[in-house]
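The values are calculated or read from the model by the stated rules, or taken from the named source; none is laboratory data. Please read these numbers as outputs of a predicted model, since none were measured by experiment. Note that each Cβ is placed from the backbone with ideal geometry, even for glycine, and that neighbours are counted across all protein chains shown.
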2 protein chains.
Amino acid sequence: MARPLTPLISIDAVVTAALELIDESGDFSLPKLAKRIGVSQSSIYNHVSGREEILELVRGRLLEESPLVVAADAGWEDVLREAIRVYRGSFARHPRTAPLMVMQTVRDPQAIALYERIAGALEAAGFEGADVASAIAMIDSFALGSALDLAAPGSVWEAAQGSSPALGRAVESAARLGSRADAAFEFGLEILIDGLRLRHERANHI
Amino acid sequence: MARPLTPLISIDAVVTAALELIDESGDFSLPKLAKRIGVSQSSIYNHVSGREEILELVRGRLLEESPLVVAADAGWEDVLREAIRVYRGSFARHPRTAPLMVMQTVRDPQAIALYERIAGALEAAGFEGADVASAIAMIDSFALGSALDLAAPGSVWEAAQGSSPALGRAVESAARLGSRADAAFEFGLEILIDGLRLRHERANHI
DNA sequence: ACCTGAACACCGTTCAAGT
DNA sequence: ACCTGAACACCGTTCAAGT
């Protein structure tokens, strides 16, 4: 077969197939992607520049599924809280995407817009230049880390044996808790917001 | 050549070569590792079970280089602060190892000991079961995320263009700051400790 | 016990050839 | 413009063969 009358591949189909493969196995490869779409491996390069672009398109797909909505008059804490929830939530529905995004430069416009929203909220709150950057870096670390926690449940905990009593007790409690990762995230989110508010109040001598 | 009188490979040499390759290129492969040691690819499997074990040995090497020292009577905040600094610092000297550790189960005894120390400090402070687990998960997220920030400087920031004014300003300030990642880490560390202390005080009605 | 070379089943990307 | 098949330069792991 050569060029068909109507294209066999759409970018949408590529992204869907990639996401399916990641959800199922934690990874995807061009050969498997091609097989799933029912097309040859090399033909994918007619629609997409390569593996990296496919991953960035997957990122976009994740964010499409969970838009950020906050009231126009919401305080900076609420904007932050919701933005972080959206960011982490977009990974939560497809946890195994998180590790693959780790070293990938963010280019997706919706992701950039989310960061811009956070930066804007911090500026409006009165945080200054470098502190805005630091706060975003911290938020980013936290959200990504929490997403990774979903993808690798018990990565650390698994190793806790008799020689680690305190760690062992923590594991046990967490297991009883059911959804450890979710609880850890909400716990961490409040800690983070509290910490930022405290610093904010100090800086403004409230 | 067959079996030599004195072994051509030591585990130490494997770890050293792997770490060198990671520092130089951000990754390592068995073929390159073998070439660097001056040995055949397959012979490495006589000393090590495979790629995963090599990575875990690298983790151990990193922690050996930065032991945790805290005064015996140190408060839980100080233990936490120092443990997090050690964890993150062990990656800071070899930033490009961080992404490779992301999805790897922690088995190195020194790493486990570090987690145990943190769990013990949180317990002693009066945090309860599930909260200890949540706090550790958060600390873990934060430390790993900060380490990743070192490996991928400007991963997000790069994309900030005219359409993202607040993000742009944050980037600019951070650039002027010089070592953005270090500043972000110390900023985040204080936020985190403050947040935990606040929750701790509330729980204990201080 | 420790090394070698060959083999196996995978990768991502390129490119000439087809229509 | 869009697809194919072959080719290239890589992977990690296994295994029979050597001493």
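Observations on the model:
- Residue check, A:ARG51 surrounded by 12 or more Cβ atoms within 10 Å (Cβ to Cβ) and within 13 Å of DNA strand C (Cβ to nearest atom): yes
- Residue-level check: of (1) surrounded by 14 or more Cβ atoms within 10 Å (Cβ to Cβ); (2) within 16 Å of DNA strand C (Cβ to nearest atom), B:TYR45 misses just (1).
- Top-ranked residue of the stretch A:51-108 - restricted to ones that are in contact with a Pro (Cβ under 8 Å, 6 or more places away or on another chain) and in the same structural domain as A:GLY126 (by TED's automatic domain parsing), ranked as nearest to DNA strand D (Cβ to nearest atom): A:MET103
- B:GLU123 vs. criteria modelled with pLDDT of 90 or more and either within 16 Å of DNA strand C (Cβ to nearest atom) or not in a helix (DSSP H, G or I) (or both): no
Okay, residues lined up against (1) within 16 Å of DNA strand C (Cβ to nearest atom); (2) within 14 Å of chain A (Cβ to nearest Cβ):
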{"site": "B:LEU19", "(1), (2)": "no, no"}
{"site": "B:SER40", "(1), (2)": "yes, no"}
{"site": "B:ALA72", "(1), (2)": "no, no"}
{"site": "B:ARG88", "(1), (2)": "no, yes"}
{"site": "B:PHE91", "(1), (2)": "no, yes"}
{"site": "B:HIS94", "(1), (2)": "no, no"}
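- Filtered residue count, the stretch B:144-164, keeping only those that are modelled with pLDDT of 80 or more and more than 8 Å from chain A (Cβ to nearest Cβ): 2
- Residues of the stretch A:17-36 satisfying the condition of being without any contact (Cβ under 8 Å) to a residue 40 or more places away in the chain, more than 9 Å from DNA strand D (Cβ to nearest atom) and surrounded by 13 or more Cβ atoms within 10 Å (Cβ to Cβ): A:ALA17, A:GLU20, A:LEU21, A:PHE28, A:SER29, A:LEU30, A:LYS32, A:LEU33, A:LYS35, A:ARG36
- Residue match in the stretch A:58-75 (condition: buried (at least 16 other Cβ atoms within 10 Å of the Cβ), more than 30 Å from A:ALA125 (Cβ to Cβ) and modelled with pLDDT of 90 or more): yes
- Filtered residue count, the stretch B:118-139, keeping only those that are of a type outside the set (A, V, I, L, M, F, W, C), within 7 Å of chain A (Cβ to nearest Cβ) and farther than 21 Å from B:ALA71 by Cα: 3
- Where A:ALA147 falls short, out of the listed (1) surrounded by fewer than 23 Cβ atoms within 10 Å (Cβ to Cβ); (2) touching a Lys or Arg at 6+ places or on another chain (Cβ under 6 Å); (3) of a type in the set (Gly, Ala, Ser): (1)
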